[in-house]
Amino acid sequence: MHHDAPVTYLVDLSAREQHLVGVTMRIPADSLRDGGRLTVATWTPGSYIVRDYVHHLQRVAARDDAGHAITLQPDGVSAWRVAPMDDELVVELEWYAYDASVRTNHVDDRHAMLIGAATFPCFEPTRDRPHHVHLTGVELEHEVASLLPGEGDGPYVADDHDHLVDAAFEVGPLRGSAVDVHGVEHRFIWAGHGDGVDVRGLADDLGRIAHAATALFDGELPAPRYTVLGIDGEGGGLEHRDGCVVAFPPHASTDPERRRRLQALLTHEHLHLWNVRRLVPVDLLRPPLDTPVLTPSLWIAEGWTSYYDRVLPARAGLWGVSDLLSALDRLRDAVEETPGSRLQSLHDASMTAWTKFYRRDENTPNAGADYYAQGALAAFALDLRLRREDPDGDGLDAVLRDLWQRHGPDASGRPRGYTEQDVLDAFARAGGDAAAAYAERLSTVAEPPDPTPDLEVLGLVAVEDEDPLTPRLDALIGAETGRIRVRTVLRDGTAWRAGVSGGDELLAIDGETLTHEELPTVLRRHGPGTTVRLTLRRGPRIVERDVRLEAPRRRPRLRIAREADAAARARFTRWSGLTPPD
């Protein structure tokens, strides 16, 4: 139990139409006798890129309780030294908040989204004390939803500064629904525009996902309450200790395909309650937030979570067999379309997340592995291998539970952390030294995982697709405001060799203009082996390049094997929660 006086913050939203947020921080006198360091985070847990939140700091000033100015001595770009003093220290900050994402602050005339890392500085000597947040400037008709305990204007109570950073607030016109999962309230809050979002249905989806995730960990749900804050956006999420923030367009809840993607996103963030937030790579235990922290284990933290965000919706009864197998097919496609997977191991990709994966450009797929997709494919391959070695076992589920029991929170609730060797040891316990060696190879060798040799254990087979096939440009191409944009030219492919560049706008093929929808038809009309002339806009220039169309690459597609016996079909059901079709 804490007995020290808390650090308090008063958040003023009265100037939010100008996108300004005022924060008054009060640091108790008994913590200032030796002075200390005041820091603003440069990154937020779960998102491994330096965001320099201090960029949005309009002003910062300090005074004692009597109103006398106190000098803050700069100590780096986002920290200040505070000299020893005997009085309470009051720090006043003004933030500009107009960056709409799940990782940044955004306030306007309609709402306010506040992320802990981007809002609340840390006085390092008080990091372990309780931190209380009060709100002012909230309009009477608006509601407040927070990932911290509290209501109304506050106080919202964080156990310590780490807990505060791992929280978020949404203020505005909110719609919500809740379900109970093993005595833990799960809330879904929609804070975006439009009344068409199926809030009740999404809360039910969340509940079913939570039941499936809790079953994965033998019925242990580690949060006192779980809250999803949904905001406007095209996709993406950020996990927090007791909830998450997710972004999606309002119609995503009613369009079947988008609904499935949203269910996968909700699964991903909910599973982070265990994997990442409480089962933590040792390097990320209480990390400093004013400097990057490297770990080789993001392929586990994010990759395994990405694998289960495909499996758990099936176990929850939200997806059918074709949904699950198609999601795994798309996973393999994503890895195959990443030439960097043959240049960089998962360990290396995890270590370079700060400088490569999260700093994306048109060359990113060529520059390194995607530890989300490739880590998920590795998890699938490992799951299959373990189930082949022990057909009556629980595969990767057993490894994850083992890690949770040995390296999850201790008796006080503090995560203990795990190393890569701890993970290999867990594989050895589940499947012997061969399984551990296979896990080490998949994580340290630069090559795409291939689950094909072990599909049989679940009664699966990989069949080449039979869809109408389009000749290859070996480029990732997308629509952008009515234009055809070459997003990435895949390394060593036909467009690469011809001198096409990522970022080019495709204007015409053999002098014929076309739309993005028409592109596959035009390529099929020319056929593989044909050389076509691409007319491209590259900045202010028009360039032309002759590209030889390559034969289409048939992609493997997962199917239930016709010859699968009853035992394999039973293992499929145990793995997926679904009954395979006859």
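Per residue, the Cα convex hull of the chain amounts to 166 Å³. Among the chymotrypsin sites (Phe, Trp or Tyr not before Pro) found in the stretch 235-306, not one is both in a DSSP coil and sparsely packed, with 16 or fewer other Cβ atoms within 10 Å of its Cβ.
Each residue of the stretch 440-455 was assigned a 3J(HN,Hα) from its phi angle through the Karplus curve 6.51 cos²θ - 1.76 cosθ + 1.60 (θ = phi - 60°); the sequence is 5, 5, 4, 9, 10, 9, 7, 7, x, x, 10, x, 3, x, 10, 4 Hz, with glycine and proline shown as x. If I fit a long axis through the Cα atoms of helix 373-389 and take the longest principal axis of the Cα atoms of the chain, what angle between them do I get, 0 to 90°, rounded to 10? Between helix and principal axis, roughly 70 degrees. Against the chain, whose longest principal axis comes from its Cα atoms, helix 256-271 is set at around 50 degrees. Mind running the shape call on the stretch 52-206? Use the C-alpha gyration tensor, a ≥ b ≥ c as the square roots of the eigenvalues: rounded below 1.5 for a/c, prolate if a/b tops b/c, oblate otherwise. Prolate shape, in that a/c is at least 1.5 and a/b is the bigger ratio. With N the number of residues in the stretch 272-417, Rg(Cα) / (2.2 N^0.38 Å) evaluates to 1.11.
Among the GluC sites (Glu not before Pro) in the stretch 139-195, those placed in a DSSP loop whose Cβ has at most 10 other Cβ atoms within 10 Å are GLU141. The label point for ASP204 and the one for ARG541, both projected 7 Å from the Cα toward the Cβ, are 5.8 nm apart.
For the chain, the longest principal axis of the C-alpha atoms and the axis of helix 305-315 are separated by about 70°.
Per Stokes-Einstein, at 20 °C and 1.002 mPa s, what whole-number D in µm² s⁻¹ belongs to the stretch 482-521, with the Kirkwood radius over Cα pairs as the hydrodynamic radius? Here the translational diffusion coefficient equals 196 µm²/s.
With the convex hull drawn over the C-alpha atoms of the stretch 43-98, the volume per residue is 112 Å³.
For the stretch 127-237, the share of DSSP beta bridges that are antiparallel, to the nearest 5, is 70%. In the assembled protein chains, TYR438 presents an accessible area of approximately 30 Å² (probe radius 1.4 Å).
Distance distribution note for the stretch 424-582: the fraction of Cα pairs above 22 angstrom is 60%. Modelled label positions at ASP4 and LEU294, each set 7 Å beyond Cα in the direction of Cβ, lie 3.2 nm from each other.
Computed over the chain, the per-residue total of -39500 (n - 2.57) for DSSP H runs of n ≥ 4 gives a 222 nm mean residue ellipticity of -8500 deg cm²/dmol, rounded to 500. Working value for the stretch 512-568: equivalent-ellipsoid semi-axes of 40, 13, 11 Å, each the square root of 5 times a Cα gyration tensor eigenvalue, largest first.
About its Cα centre, the chain has a charge dipole of approximately 1600 debye under the convention of +1 per Lys or Arg Cβ and -1 per Asp or Glu Cβ, with nothing else charged.
The values are calculated or read from the model by the stated rules, or taken from the named source; none is laboratory data. Computed from a prediction, not measured in an experiment: that's the story for all the values here. Quick reminder, even Gly has a Cβ in these numbers, built from the backbone with ideal geometry, and neighbours come from all protein chains shown. The area values use the complete protein model at the heavy-atom level, side chains included, leaving out ligands, DNA and RNA. Shrake-Rupley method; radii C 1.70, N 1.55, O 1.52, S 1.80 Å.
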